[in-house]
Amino acid sequence: MTFDWSVVWQHRDALMAATGTTILLTFATMAIAVPCGIMVAALRLYAWKPVRALATSYVELFRNLPLILVVYWAFYVLPIMTGLGLSPLATGLAALVLNVTAYNAETFRAGINSIRRGQVEAAMALGMSRLQALRRVVLPQALRRIMPVLASTWVSLFKDTSLVSVIAVTELAYVAMQIRAQTFRVLEMLTAMAAIYWLLGYPQAKLVDWMQRRFAVTE
Amino acid sequence: MNKSATQSGRTKAGGITIIRYRGVVKRYGDFQALSGIDLDVHAGEVVCLIGPSGSGKSTLLRCTNGLESIEGGDIEFEGTALPRDERELRAVRTRMGMVFQSFELFPHLTALANVAEGPRTVLRKHAAEANRRASAMLAKVGLADKAPNYPSALSGGQQQRVAIARALAMEPDVMLFDEPTSALDPETIGEVLNVMKQLADEGMTMVVVTHEMTFARRVGDWIAVFDAGRIVEQGPPEQIFDAPTTERTRDFLSHLGWTG
């Protein structure tokens, strides 16, 4: 068996652009899923009962569905439901956001619950509203505690973006598979893809380890 | 408890009534935590609430600023019944400082930022003004040099003094202390009590739930003895500590080894 690694170099521009899309998808998903996660967590904790139940249903639904199914669902069902013709990229983003928001909501809820009641009472005794107490006292502490969990979610998300390749989003996995199909260089392309994911993923994982130490809570 | 018993021998009784409790009832499910509390707190007075654990002292304090709601009776603050509306209640809370047994400093903020937080977020002061006020309050409790420290780097006594400064930064009309020294090492209790004594000397109106009988005897102007959700006796410290009129008060004090 002979290898021809030049195929990777020949397609470097396409691979670079695809890697860019993968990174963009990761950032965009988190940028939306963090505030949405906080909102859903707040709804689960403080909202009027029916709204609370709705938020809980959302979390339990999307946390327990395979992401790839959500991706397909977003591709086939979402346009029918909403009447919107979204691009594959936007559809993939929507699917990832739906999934990661559910995870983030649970992470934030756990973080908020871990802050003891006395902290909120101290804030309220100063005359703060519940929202002010949440924003100024509870969330800053909760964020520190859950930072490592959020970072782990981030690393998982970075790899899971490859799942949107099934709806032809031109991110790294999709483009690498396309090149493979055109050149029949299976091993080379899979290796190149693995190398790129790993080289980008490993520093992120190390960053997570560093954050675990940096944000250790001392009381 | 009849009305005359809430007044006789009261040195500062001429002052305005800041807090008036009348028939206050608090229930947790089937448990009656407070069964008809009558008590007045006058301007400039230090009122100490003493009694065994679980007798309702802390509960009454927490009802005073609406952290707990009441099921019966009235609590009046500066002549107006405690509002039920959240927004109005918040306005009342800004005029009552509260100090907790477990300090409850905000661990993610420095000592200075802890004290500046109320003026900044609630009173909407500019950062410079809030910090200036916070510095002054930290100096008042003798902790000017600890301004940049986080709570985790402070001793229990220092944390509680920062908590007192945090409450004072709101310029409250009354200070509520909920067993402020119960969670402290014996050697740091004194520094907190000294700050409280200094506040009392400056004329601050204070309601203090405490197990520190020496403090209650020396600094208190009026003592209320709690048992099983009722005030069994109230009066000036000389009466309570030297000539208690009820068996329950005598029992309680003798259990603490109080000899007068």
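How about segment B:179-214: which of its residues are open to solvent by less than 30 Å² (accessible area, probe 1.4 Å), more than 13 Å from the chain's Cα centre (by Cα) and more than 10 Å from residue B:160 (Cβ to Cβ)?
B:213
Taking into account only those residues within segment B:38-58 that are open to solvent by 20 Å² or more (accessible area, probe 1.4 Å) and either within 14 Å of another protein chain (Cβ to nearest Cβ) or among the acidic types (Asp, Glu) (or both), which is farthest from residue B:101 (Cα to Cα)? Spell out the reasoning first.
Let us first name the residues in segment B:38-58 that are open to solvent by 20 Å² or more (accessible area, probe 1.4 Å), namely B:38, B:43, B:52-54, B:58.
If we keep only those that are either within 14 Å of another protein chain (Cβ to nearest Cβ) or among the acidic types (Asp, Glu) (or both) as well, we get B:38, B:58.
Values: B:38: 24, B:58: 10 Å.
Here the answer is B:38.
Quick check on segment B:136-177: of everything there that is open to solvent by 40 Å² or more (accessible area, probe 1.4 Å) and among the basic types (Lys, Arg), which residue is nearest to residue B:102 (Cα to Cα)?
Of everything passing the filter in segment B:136-177, B:146 is nearest to residue B:102 (Cα to Cα).
With the requirement that a residue be farther than 23 Å from residue B:190 by Cβ and open to solvent by less than 50 Å² (accessible area, probe 1.4 Å), what does segment B:115-135 give you? Before you say what the answer is, go through the steps one by one.
Step one: filter segment B:115-135 for residues farther than 23 Å from residue B:190 by Cβ, giving B:116-135.
Across segment B:115-135, the qualifying residues are B:116, B:117, B:118, B:119, B:121, B:122, B:127, B:130, B:133, B:134.
Determine whether residue B:207 is modelled with pLDDT of 95 or more, over 12 Å from residue B:49 (Cα atoms) and in contact with a strand residue (DSSP E or B) (Cβ under 9 Å, 6 or more places away or on another chain).
Numbers: modelled with pLDDT of 95 or more: yes; over 12 Å from residue B:49 (Cα atoms): no; in contact with a strand residue (DSSP E or B) (Cβ under 9 Å, 6 or more places away or on another chain): yes.
So residue B:207 fails the test.
Among the residues of segment B:218-240, is there at least one that is buried (at least 23 other Cβ atoms within 10 Å of the Cβ), under 14 Å from the mean Cα position of the chain (by Cα), small (Gly, Ala, Ser) and more than 29 Å from residue B:125 (Cβ to Cβ)?
Checked against the condition, which is being buried (at least 23 other Cβ atoms within 10 Å of the Cβ), under 14 Å from the mean Cα position of the chain (by Cα), small (Gly, Ala, Ser) and more than 29 Å from residue B:125 (Cβ to Cβ), segment B:218-240 yields at least one hit.
So which of A:199, A:126, A:143 is in contact with an Asp or Glu (Cβ under 9 Å, 6 or more places away or on another chain) and free of Cβ contacts under 8 Å to residues at least 40 places away in the same chain? Explain how you work it out, then say what you get.
Working: A:199 fails: in contact with an Asp or Glu (Cβ under 9 Å, 6 or more places away or on another chain); A:143 fails: in contact with an Asp or Glu (Cβ under 9 Å, 6 or more places away or on another chain).
One residue alone meets the criteria, A:126.
Take residue B:61 and tell me if it is within 19 Å of residue B:173 (Cβ to Cβ), part of a loop (DSSP other than H, G, I, E, B) and within 14 Å of chain A (Cβ to nearest Cβ). It would help to see each step written out before you state the result.
Working: within 19 Å of residue B:173 (Cβ to Cβ): yes; part of a loop (DSSP other than H, G, I, E, B): no; within 14 Å of chain A (Cβ to nearest Cβ): yes.
No; evaluated as a whole, the condition is false for this residue.
Matching residues to (1) more than 14 Å from chain B (Cβ to nearest Cβ); (2) under 16 Å from the mean Cα position of the chain (by Cα); (3) under 18 Å from residue A:165 (Cα atoms):
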| site | (1), (2), (3) |
| --- | --- |
| A:61 | yes, no, no |
| A:81 | yes, no, no |
| A:95 | yes, yes, yes |
| A:101 | yes, yes, no |
| A:117 | no, no, no |
| A:139 | no, no, no |
| A:142 | no, no, no |
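Among the residues of segment A:121-137, which ones are of a type in the set (D, E, K, R), within 18 Å of residue B:98 (Cα to Cα) and more than 7 Å from chain B (Cβ to nearest Cβ)?
A:130 - this is the single residue of segment A:121-137 that is of a type in the set (D, E, K, R), within 18 Å of residue B:98 (Cα to Cα) and more than 7 Å from chain B (Cβ to nearest Cβ).
Which one of the conditions (1) within 22 Å of residue B:201 (Cα to Cα); (2) at pLDDT 95 or above does residue B:20 fail to meet, given that it meets all the rest?
(1)
Please find, within segment A:37-79, the residue that is least open to solvent (accessible area, probe 1.4 Å) out of those that are in a helix (DSSP H, G or I) and of a type in the set (S, T, N, Q).
The first filter runs over segment A:37-79 and keeps only residues in a helix (DSSP H, G or I), leaving A:37-46, A:49-63, A:67-76, A:78-79.
Now restrict to residues that are of a type in the set (S, T, N, Q): A:56-57.
Numbers: A:56: 39, A:57: 71 Å².
Looking at the filtered set, the residue picked out is A:56.
Please specify each residue of segment B:98-114 satisfying the condition of being touching a strand residue (DSSP E or B) at 6+ places or on another chain (Cβ under 8 Å) and open to solvent by 30 Å² or more (accessible area, probe 1.4 Å).
First, the residues of segment B:98-114 that are touching a strand residue (DSSP E or B) at 6+ places or on another chain (Cβ under 8 Å): B:98-101.
Once the filter is applied, which keeps residues that are touching a strand residue (DSSP E or B) at 6+ places or on another chain (Cβ under 8 Å) and open to solvent by 30 Å² or more (accessible area, probe 1.4 Å), segment B:98-114 yields only B:101.
Only residues that are within 24 Å of the chain's Cα centre (by Cα) and open to solvent by 50 Å² or more (accessible area, probe 1.4 Å): list them for segment A:119-137, please.
Residues of segment A:119-137 within 24 Å of the chain's Cα centre (by Cα): A:134-135.
Answer for segment A:119-137, where residues must be within 24 Å of the chain's Cα centre (by Cα) and open to solvent by 50 Å² or more (accessible area, probe 1.4 Å): just A:135.
Looking only at residues in segment B:67-97 that are surrounded by 15 or more Cβ atoms within 10 Å (Cβ to Cβ) and in contact with a Lys or Arg (Cβ under 7 Å, 6 or more places away or on another chain), which one is farthest from the other protein chains (Cβ to nearest Cβ)?
Ranking the qualifying residues of segment B:67-97, first place goes to B:73.
Looking for whichever is within 22 Å of the chain's Cα centre (by Cα), surrounded by 20 or more Cβ atoms within 10 Å (Cβ to Cβ), of a type in the set (Gly, Ala, Ser) and more than 14 Å from every other protein chain (Cβ to nearest Cβ) here; the options are A:105, A:151, A:194. Which one fits?
Details: A:151 fails: surrounded by 20 or more Cβ atoms within 10 Å (Cβ to Cβ); A:194 fails: surrounded by 20 or more Cβ atoms within 10 Å (Cβ to Cβ).
Going through A:105, A:151, A:194 in turn, just one is within 22 Å of the chain's Cα centre (by Cα), surrounded by 20 or more Cβ atoms within 10 Å (Cβ to Cβ), of a type in the set (Gly, Ala, Ser) and more than 14 Å from every other protein chain (Cβ to nearest Cβ): A:105.
Looking at segment A:109-118, which of its residues are open to solvent by less than 20 Å² (accessible area, probe 1.4 Å) and under 30 Å from residue A:210 (Cβ atoms)?
Here is the first cut: in segment A:109-118, the ones open to solvent by less than 20 Å² (accessible area, probe 1.4 Å) are A:111-112, A:115, A:118.
Residues satisfying the conditions are A:111, A:112, A:115.
So that you can scan it fast, the table gives a plain yes or no per residue for (1) touching a residue at least 24 places away in the same chain (Cβ under 8 Å); (2) at negative phi; (3) out of contact with any Ser or Thr (no Cβ under 8 Å at 6 or more places or on another chain); (4) of a type in the set (Lys, Arg):
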position	(1), (2), (3), (4)
A:86	no, yes, yes, no
A:91	yes, yes, yes, no
A:98	yes, yes, yes, no
A:102	yes, yes, yes, no
A:106	yes, yes, yes, no
A:110	yes, yes, yes, no
A:119	no, yes, yes, no
A:135	no, yes, yes, yes
A:138	yes, yes, yes, no
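The values are calculated or read from the model by the stated rules, or taken from the named source; none is laboratory data. Because the structure is predicted, anything quoted here is derived from the model rather than measured. Heads up, the Cβs are rebuilt from the backbone with ideal geometry, glycines too, and the neighbour counts pull from every protein chain shown. Side chains are part of the model used for accessible areas, which takes the heavy atoms of the whole protein and leaves out ligands, DNA and RNA. Shrake-Rupley method; radii C 1.70, N 1.55, O 1.52, S 1.80 Å.
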